[in-house]
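Before I ask anything, here is the structure I am working with.
The values are calculated or read from the model by the stated rules, or taken from the named source; none is laboratory data. What you are looking at is a predicted structure, and each value in this text was computed from that prediction instead of being measured. Here the Cβ is made from the backbone with ideal geometry for all residues, glycine too, and neighbour counts use every protein chain on show. Accessible surface areas use protein heavy atoms only, side chains included; no ligands, DNA or RNA. Shrake-Rupley method; radii C 1.70, N 1.55, O 1.52, S 1.80 Å.
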Amino acid sequence: MDLETGVYQNYAKKESWRTVLILAYQSLGVVYGDLSTSPLYVYKSTFEEDIQHSETNEEIYGVLSFVFWTLTLVPLLKYVFIVLRADDNGEGGTFALYSLLCRHARVNSLPNCQLADEELIEYKKDSIGLAPQSSFGSRLKSSLEKHRVLQRFLLVLALIGTCMVIGDGILTPAISVFSAVSGLELSMSKEHHKYVEVPVACIILIGLFALQHYGTHRVGFLFAPVVLVWLLCISAIGLYNIIHWNPHVYQALSPYYMYKFFRKTQRGGWMSLGGILLCITGSEAMFADLGHFSQLSIKIAFTFLVYPSLILAYMGQAAYLSQHHIIESDYRIGFYVSVPAILAAVVGSQAIITGTFSIIKQCSSLGCFPRVKIIHTSSKIHGQIYIPEINWLLMVLCLAVTVGFRDTRRMGNASGLAVITVMLVTTCLMSLVIVLCWQKSVFLAIGFVFFFGTIEALYFTASLTKFLEGAWVPIALAFIFLIIMCVWHYGTLKKYEFDVQNKVSINWLLSLGPSLGIVRVRGIGLVHTELVSGIPAIFSHFVTNLPAFHQVLVFLCIKSVPVPHVKPEERFLVGHIGPREYRLYRCIVRYGYRDVHKDDMEFEKDLVCSIAEFIRSESVAPGSVNEDLVKDDDKMTVVGTCSSHTEGVQMREDDADNIEAAGPSELKEIWSPPPVIKLRKRVRFIVPKSPEIDTGAREELQELMEAREAGIAYILGHSYVKAKQGSSLIKKLVINYGYEFLRRNSRLSTYALSVPHASTLEVGMIYHV
């Protein structure tokens with residue numbers, strides 16, 4: 001269930017130039033498809049109804065000036081040179097910024113966080129934990145930690161950005177494909193075209209979503225040549241149009257033409273900004289898809305290929321339009337005459353679909369989205385994932401938008417509002433990152449918000465004017481997803497609070513004695529719980545309802561921490577519950593939101609091996625085990641996976657007929673006694689000869705081996721959450737219907753363990769929260 005140590009170390013090493021260039025090439029097909037295909041519909045959407053061409057060309061020159069400076073300031077300056085530096089150890093997106101702030105300001109949406117989590121290597125990177133240098137930064141950090149209202153506001157802000165990314169994942173494929181298919185009007189009559197464009201667009205969209213399960217790396221290699229050829233074509237055509245139609249079009253790059261544009265068009269020009277905004281759709285994908293590639297590869301691809309190609313393309317279109325004020329078909333504004341655009345438009349949809357997968361995984365790991373099945377599609381790049389449920393949900397909603405609108409103008413209005421909202425949220429969160437994480441001056445943060453926030457607010461207000469003409473769709477979609485996220489998060493918190501309040505006391509456990517008042521039989525019982533301390537209430541149900549229990553009991557908590565990765569050597573926290581002779585252990589397994597949960601039996605081996613290493617380390621460390629453990633069961637020891645502590649205890653599982661008696665000279669082997677009946681496997685622990693372990697630890701290891709040989713049983717608590725009597729109507733609706741519906745239709749918390757049904761015991765319990 002762990003990443004291999006070698007793979008993790010490989011990932012941590014500095015990337016070679018060959019790897020960077022390959023990733024930059026792949027990123028063309030995944031990250032930049034949307035941004036690269038925006039010339040298909042920017043000018044068409046801008047000149048749709050709010051402004052018209054004139055003989056002076058002031059409108060087209062003004063639009064070109066806006067496009068140039070928007071592309072330069074937002075994707076190039078803001079994202080490439082600033083925002084990409086705020087990655088969360090390689091992970092990008094709105095929730096990565098939120099995770100970064102959680103660690104610096106100790107603002108956490110996860111209820112079961114511990115002080116021990118702050119000792120993780122990934123947690124302490126980049127001077128995390130140090131107080132901000134400025135007095136304002138210190139006050140801001142203190143205010144965030146003290147006031148729950150500010151913490152909730154920060155969480156909701158991050159969730160709004162996340163919901164808009166999901167909305168964009170629905171709208172962008174629709175507008176990209178539909179706008180390209182609309183170009184078929186040039187090759188057929190309008191009567192036939194209106195019957196063809198919607199079915200063709202839907203078929204292409206179904207094919208696009210059906211490809212997703214092949215993984216980002218395969219889709220990237222498949223789509224990258226298409227985008228590369230597309231960029232080269234539009235830049236070549238742009239260069240030709242500039243030379244042939246208007247060599248002086250470069251003068252329109254001056255900001256003065258933006259002033260002339262507003263002076264002439266006034267309110268119509270301001271409203272047309274919603275169309276100009278579409279030139280930067282896909283910019284957020286550079287940050288959201290960061291986990292699939294690398295910072296340097298994304299920077300290289302944009303700076304040296306995508307940006308210059310787009311500038312040449314838009315200048316070429318402006319040069320052509322400056323000499324052709326009246327065009328027979330609106331679609332000639334695009335590149336349909338010269339380049340088949342459908343393939344490029346299909347690729348344009350890939351960026352935001354990939355980004356949606358990434359951001360939903362982050363939300364799910366941090367307890368803000370129902371649990372979904374996550375498939376890792378690459379063994380080398382760990383951020384490359386596929387989520388089947390989300391993929392098909394996006395497809396259905398995307399088809400609904402396509403069939404419902406049948407119009408690129410309204411689709412463009414909807415997509416533009418989603419894009420600019422995500423950018424505004426990113427700007428707000430980045431200002432906090434600048435102060436709290438980078439420890440820069442508050443004036444720098446204010447300057448960042450004022451400069452980029454003003455630009456984005458201008459576009460945002462223009463998009464809102466199109467509310468009734470399509471812009472309502474992303475707001476409605478975001479509202480639905482926000483309700484789902486808030487309900488899930490609220491229900492999860494309440495359920496955890498109930499667990500904490502109804503914990504069984506350690507005194508009750510001690511009163512039962514070493515046998516716990518029941519018969520102890522061979523084997524290991526894994527009791528799954530969300531608690532990181534104390535004994536879950538459901539355990540008392542087990543003890544009172546079951547006639548026998550396993551000789552070794554492990555309270556297992558699998559939790560996420562707000563870091564991308566947890567190193568294998570820090571994976572487990574292990575401790576005793578009660579005295580040693582009770583054979584009760586607590587084991588907390590920690591995963592980052594980018595870590596791979598492998599569905600294999602290695603997890604069981606790592607778990608047993610970590611407990612054995614804990615027993616050895618407690619024995620050889622003088623004074624580490626004492627009566628304090630009886631009073632305080634929260635004392636835990638950090639233990640790694642088998643592969644990470646090669647000098648500690650190693651576990652071997654051999655066939656009973658093929659066991660070698662001799663062990664390594666520097667190691668001492670502890671064998672389990674000969675089995676009464678023939679077993680498929682026998683277990684042995686290989687313990688270092690030095691330092692020597694005591695007799696009690698040896699007996700404990702012996703019993704652990706016998707229990708492992710007998711097998712492992714998974715004991716799961718099946719909870720039904722209900723609002724307690726006297727709760728408000730809203731709470732009853734949220735808990736009894738909303739949260740319960742989501743819980744029933746989401747994955748189990750332990751699905752990644754591939755729990756065998758024959759070894760599972762479920763006990764139901766009603767939670768009144």
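If I model a spin label as a point 7 Å beyond the Cα along the Cα-Cβ vector, how far apart are those points for K264 and H768 in nm?
The answer from the label model is 7.4 nm.
Measure up K78/K299; K361/K559; K141/K567; K495/K559 against 19 Å on the Cα-Cα distance and list the ones that go over.
K141/K567
Oh, and also: Please give the peptides 501-511, 46-56, 96-106 ranked by average Cβ packing (other Cβ atoms within 10 Å per residue), highest first, as a rough proxy for protection.
The most tightly packed comes first, giving 96-106, 46-56, 501-511.
Calculate, for Q52 and K732, the FRET efficiency according to 1/(1 + (r/R0)^6) with r their C-beta to C-beta distance and R0 41 Å; round to the nearest 0.05.
Step by step, r from the Cβ atoms, then E = 0.15.
Next question. Tell me the label-point distance for the pair I446, Y195, using the 7 Å Cα-to-Cβ offset, in nm and rounded to one decimal.
About 6.5 nm, to one decimal.
Give the calculated FRET efficiency between E602 and T760 to the nearest 0.05, with a Förster radius of 25 Å applied to their Cβ-Cβ distance.
Values: r = 19 Å, r/R0 = 0.76.
Calculated value: 0.85.
Taking square-rooted eigenvalues a ≥ b ≥ c of the alpha carbon gyration tensor, is the range 514-593 rounded, prolate or oblate, where a/c under 1.5 means rounded and, failing that, a/b exceeding b/c means prolate?
On the way: a/c = 2.76, a/b = 2.10, b/c = 1.31.
Since a/c reaches 1.5 and a/b is larger than b/c, the shape of the range 514-593 is classed as prolate.
Next up: I'd like the accessible area for L232, computed on protein heavy atoms only with a 1.4 Å probe and all protein chains in place. Round to 10 Å², please.
Counting only protein heavy atoms, L232 exposes about 100 Å² to solvent.
Kirkwood Rh and Cα-based Rg: tell me the resulting Rg over Rh for the range 450-547, rounded to two decimals.
Values: Rg = 25.9 Å, Rh = 18.7 Å.
Value, to two decimals: 1.39.
Further, regarding this structure: Going by a ≥ b ≥ c, the root eigenvalues of the Cα gyration tensor, does the range 410-491 fall in the rounded group (a/c under 1.5), the prolate group (a/b larger than b/c) or the oblate group?
Working: a/c = 4.06, a/b = 1.36, b/c = 2.98.
In terms of gyration-tensor shape, oblate.
Suppose R0 equals 45 Å. What FRET efficiency, 1/(1 + (r/R0)^6) with r the Cβ-Cβ distance, do L512 and I480 give to the nearest 0.05? Intermediate values should be presented prior to the final figure.
Details: r = 49 Å, r/R0 = 1.09.
Working from the Cβ atoms, E equals 0.40.
Using a basic spin-label model with each label point 7 Å from the Cα along Cα→Cβ, how many nm lie between A457 and V521?
Calculated label separation equals 6.9 nm.
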